[in-house]
């Protein structure tokens with residue numbers, strides 16, 4: 001029997017919180033960036049937030065500013081450090097992922113589809129043995145990041161495109177996409193089921209219009225999957 005697939009967003013979905021924030025703190029502490037660089041990025045985001053810019057535009061600004069900061073950094077060193085950080089913070093990834101993987105590992109592959117940068121998303125994917133991942137990607141030269149964005153996953157259209165590519169290898173029946181934001185709708189339209197994890201009221205309205213599931217308690221996500229798939 002052909003395997004179905006799970007498509008997981010990371011931040012505020014699988015990860016209990018915002019992983020780039022935890023990662024940036026660890027990277028500053030580890031000497032990867034100057035604190036002033038991070039302060040500048042955060043100031044830019046706060047300014048746009050106060051101007052009530054849409055979430056996707058905030059994400060795009062983050063990607064653009066962060067690409068400048070990452071330029072000149074060794075991708076593999078960043079990846080290994082991120083993997084260590086996530087392993088230390090594994091409790092933030094344990095609300096439902098291990099239980100789902102343990103129960104459905106023989107019938108489903110799983111991918112992480114995230115707006116995070118590729119080195120950090122790959123770190124999460126490798127920790128859990130995912131079949132693959134899709135993430136914001138920068139050009140590299142001799143293993144070093146360049147300030148050139150190859151793939152920007154800030155927008156719903158980007159997630160939709162990547163989900164469509166992945167889903168060409170899998171049946172829609174039995175497949176589930178997991179997310180927390182409007183951008184994750186781009187994945188859910190390709191799978192039989194969509195599960196929103198602790199979403200805000202706007203996203204709940206979107207879920208209701210499309211017949212997608214809402215689970216407010218992260219600890220209840222696994223049971224919702226069992227209810228849907230058996």
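Brief remarks on what is shown
- Percent antiparallel among DSSP beta bridges (both partners in the chain, rounded to 5): 20 percent
- Compared with the direct C-alpha span, the chain from residue 64 to residue 139 gains 25.7 nm at full extension, assuming 0.36 nm per residue.
- Shown here: the chain, whose C-alpha atoms stretch 50, 38, 31 Å along the first, second and third principal axes, sorted largest to smallest.
- Length gained on full extension, residue 192 to residue 25, computed as 0.36 nm times the residue gap minus the Cα-Cα distance: 56.4 nm.
- Separation of alpha-carbon centers, the stretch 69-127 and the stretch 148-197, rounded to whole Å: 17 Å
- Spin-label proximity, residue 126 to the stretch 84-110 - amide N less than 11 Å from point 7 Å beyond Cα toward beta carbon: 84
- Label-to-label distance, nm, for residues given as residue 37 and residue 161 (7 Å Cα→Cβ offset): 2.7 nm
- Choice from 185, 99, 123 with maximal GNM fluctuation in the chain (Cα, 10 Å cutoff): 99
- Full extension of the segment from residue 2 to residue 223, taken as 0.36 nm per residue of separation minus the current Cα-Cα distance, would add 77.2 nm.
- Proxy reagent accessibility, fewest Cβ within 10 Å first, across 23, 61: 61, 23
- By the beta-carbon count within 10 Å of each Cβ, the least crowded to most crowded order of 19, 160, fewest first, is 160, 19.
FYI, it's all coordinate maths here, none of it is from the lab. This is a predicted model, so every value here is computed, not measured. Backbone-built Cβ (ideal geometry, glycine too); neighbour counts: all protein chains shown.
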